[in-house]
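**Student:** Could you have a look at this structure, given as structure tokens, before my questions?
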Amino acid sequence: MLAEEKERPALLAEVSQVRRPSPGLARVTLAAPELDRFGYEGPDHLVRTFFPASGQDAPVLPSSPDWWTEVQSMPEEVRPVVRNYTVRRYDPERRELDIDFVLHGETGPAARWANRAEPGQRIGLRSERAGYRPTPGADWQLIIGDETALPAIGSIVESMPAGTKAKVFVEIANDAEEQRFDTAADLELTWLHRAGQHAGTSDIVARTLRAAELPGGEVYAWVAGESGMVTAVRRHLVRDRGVPKESIYFCGYWKHSAPTY
């Protein structure tokens, strides 16, 4: 862990607004006085979220640099549920940020909380880090993910300066989950619909990528989402497309056999 990451304490944030950009997504705006010092690093910035235990109005937050050990040592009845999300939007002047929650019914504590989120509720946040760092001199970018990566993908493409060439592939349930992005980039966006298949069971991303005609030149690739999909995409890019490993950022956000949302 980097020294500056150790100095980012968890903070309590309050829900100020809840919207539904699509049927399967809740966009929650969180506000806190300390958010002007959040330490935002980039468009796929990771944030640890702390959800209240049953019966609590707000979670008990860790206060030490060794926050995970502190959480694990808490009595079960007060121990917060901890999950990882990416920041969709950050506004240091307004001291607020948005987190998009994929709604999977009542399958997990974070999904249950998001289904019921309303202004006034409180959760904990701990700033972590960002992984999106395009290779200097790359001719174009390849961005790939599923709906759990959509917050980062939206933030990434909206941060791209004019003249950036990018191909984006996003796996979602159906056309109702498509979003609009405000970007200056030269963007080719392909939505891949699972057509009734459950999340984590489709190979539509890998099949589409294998058949895709990709631009020449040096590429920077960013891949995130279900772990099996991420692994298959990275293997194809390295073995079949000859993309150097150092030009690929990849992150498994969740596993089909054991969801972390």
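The values are calculated or read from the model by the stated rules, or taken from the named source; none is laboratory data. Quick caveat: nothing in here was measured; it's all calculated off a predicted structure. Reconstructed Cβ throughout: ideal geometry from the backbone, glycine too, with neighbour counts over all protein chains shown. Areas reflect the complete protein model, heavy atoms only, side chains present, ligands, DNA and RNA absent. Shrake-Rupley method; radii C 1.70, N 1.55, O 1.52, S 1.80 Å.
**Student:** Taking the condition of being β-branched (Val, Ile, Thr) and part of a strand (DSSP E or B), how many residues in region 44-69 meet it? Reasoning before the result, please.
**Tutor:** Step one: filter region 44-69 for residues β-branched (Val, Ile, Thr), giving 47, 49, 60, 69.
Those still in the list that are part of a strand (DSSP E or B) too: 47, 49.
Within region 44-69, residues that are β-branched (Val, Ile, Thr) and part of a strand (DSSP E or B) number 2.
**Student:** Further question on the same structure: Restricting to region 1-43, what's the tally of residues that are over 19 Å from the mean Cα position of the chain (by Cα), at pLDDT 95 or above, buried (at least 16 other Cβ atoms within 10 Å of the Cβ) and not in a strand (DSSP E or B)?
**Tutor:** 1
**Student:** Identify all residues within region 44-56 that are among the hydroxyl-bearing types (Ser, Thr, Tyr) and open to solvent by 40 Å² or more (accessible area, probe 1.4 Å); write none if there are none.
**Tutor:** So the first thing to find is which residues in region 44-56 are among the hydroxyl-bearing types (Ser, Thr, Tyr), and the list is 49, 54.
Ser54 - this is the single residue of region 44-56 that is among the hydroxyl-bearing types (Ser, Thr, Tyr) and open to solvent by 40 Å² or more (accessible area, probe 1.4 Å).
**Student:** More than 24 Å from Ala173 (Cα to Cα) and exposed (fewer than 15 other Cβ atoms within 10 Å of the Cβ), is that true of Gly196?
**Tutor:** Details: more than 24 Å from Ala173 (Cα to Cα): no; exposed (fewer than 15 other Cβ atoms within 10 Å of the Cβ): yes.
When the stated conditions are applied, Gly196 does not pass them.
**Student:** From the list Pro59, Pro75, which one is more than 20 Å from the chain's Cα centre (by Cα) and surrounded by 13 or more Cβ atoms within 10 Å (Cβ to Cβ)?
**Tutor:** Working: Pro75 fails: surrounded by 13 or more Cβ atoms within 10 Å (Cβ to Cβ).
Just a single option satisfies the conditions, and that option is Pro59.
**Student:** Please go through (1) open to solvent by 10 Å² or more (accessible area, probe 1.4 Å); (2) under 15 Å from the mean Cα position of the chain (by Cα); (3) farther than 30 Å from Pro9 by Cα; (4) not basic (Lys, Arg) for Thr164 and return the number of the only condition it doesn't satisfy.
**Tutor:** (2)
**Student:** Can I ask one more? Can you find a residue that is crowded, with 20+ Cβ neighbours inside 10 Å, free of Cβ contacts under 8 Å to residues at least 40 places away in the same chain, outside any strand (DSSP E or B) and not basic (Lys, Arg) anywhere in region 131-147?
**Tutor:** No: zero hits.
**Student:** Quick test of your reading of the structure: Ser202 fulfils all but one of (1) of a type in the set (Ser, Thr, Tyr); (2) crowded, with 18+ Cβ neighbours inside 10 Å; (3) in contact with a Phe, Trp or Tyr (Cβ under 9 Å, 6 or more places away or on another chain). Name the failing condition by number.
**Tutor:** Only one criterion is unmet by Ser202, namely (3).
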